[in-house]
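Read the figures in this text as sums done on the coordinates, not as results from a lab. Source: prediction; values computed, not measured. No Cβ is skipped: glycine too gets one built from the backbone with ideal geometry, and neighbour counts run over all protein chains shown.
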Amino acid sequence: MASNDNKPYLTPSEAAKLLMVSPITVRAWAHKGLLPSEATPGGHRRFLRENVEQFSKQCKSIPPRNDLRVLIVDDDKQVAGFLVEWLSGLDEPFIVSTATDGFETGRKVHTFEPDIILLDLMMPDLDGFAVCRQIKADPDTSDIRVIAMTGHPNPENEQRILEAGAEICISKPLDTKFLLGLLKANLL
């Protein structure tokens, strides 16, 4: 197997690994014009290795991000409120925002730039399945972790959301200890 150490172009994930930040941060730098990038014919962002290395040398003073941006997407205001209060009360570096439907989620994904989305499956209009597919189909957001949540757990829903790109589907009421373990995987 060939080594990727000499590839001239890097994916956002590969550039993020070299810079020791999240792929979302790399995309934000590219979007702001701080880190040069090119687009493939398929619309995927690529970074010239020499540009990433030069950027790294210029920005040695940039501290690695140690916060975790969590977007809670749930039309049930009680569930969303509980999650905001719970996450905000922990001794973890969580920055939390909410969206109540799929359309608002689309806007918040680009303005809030979450690392993780806690996504309810059953919402009016644009459900969690469609939201997850859209997030994972967009090269600029495909690296966002999606943890699906449902009050209607069944094998069919779980299979559908996993096929849409979620990493896991957890049942409501939520096991907060288990959920915290999933979230903290990003902080290691």
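Summing charges over neighbours of LEU126, with a neighbour being any other residue whose Cβ is under 11 Å away from its Cβ, gives -4 when K and R count +1 and D and E count -1.
By other beta-carbon atoms within 10 Å, ranking MET122, MET149, MET20 with the fewest at the front produces MET20, MET122, MET149. With a Förster radius of 35 Å applied to the C-beta separation of CYS59 and GLU167, the computed FRET efficiency comes to 0.70. Among GLU104, GLU163, a tally of other beta-carbon atoms within 10 Å of each Cβ gives an order, fewest to most, of GLU163, GLU104. Model label points for VAL84 and PHE178, set 7 angstrom from Cα along the Cα-to-Cβ axis, are 2.6 nm apart. Counting beta carbons within 10 Å around each of ASP175, ASP74 and listing the fewest first gives the order ASP175, ASP74. Ranking THR11, PHE112, CYS59 by how far each Cα lies toward the positive end of the dipole of the chain (charges on Cβ) leaves CYS59 at the top.
Applying a threshold of 29 Å to the alpha-carbon distances of LYS17/LYS172; LYS17/LYS108; LYS32/LYS172; LYS32/LYS77; LYS7/LYS32; LYS57/LYS177 flags LYS17/LYS172; LYS32/LYS172; LYS32/LYS77; LYS57/LYS177 as lying beyond it.
Histogrammed with a bin width of 10 Å, the alpha carbon distances of the stretch 1-123 distribute as 12, 35, 28, 19, 6, 0 percent, first bin at zero.
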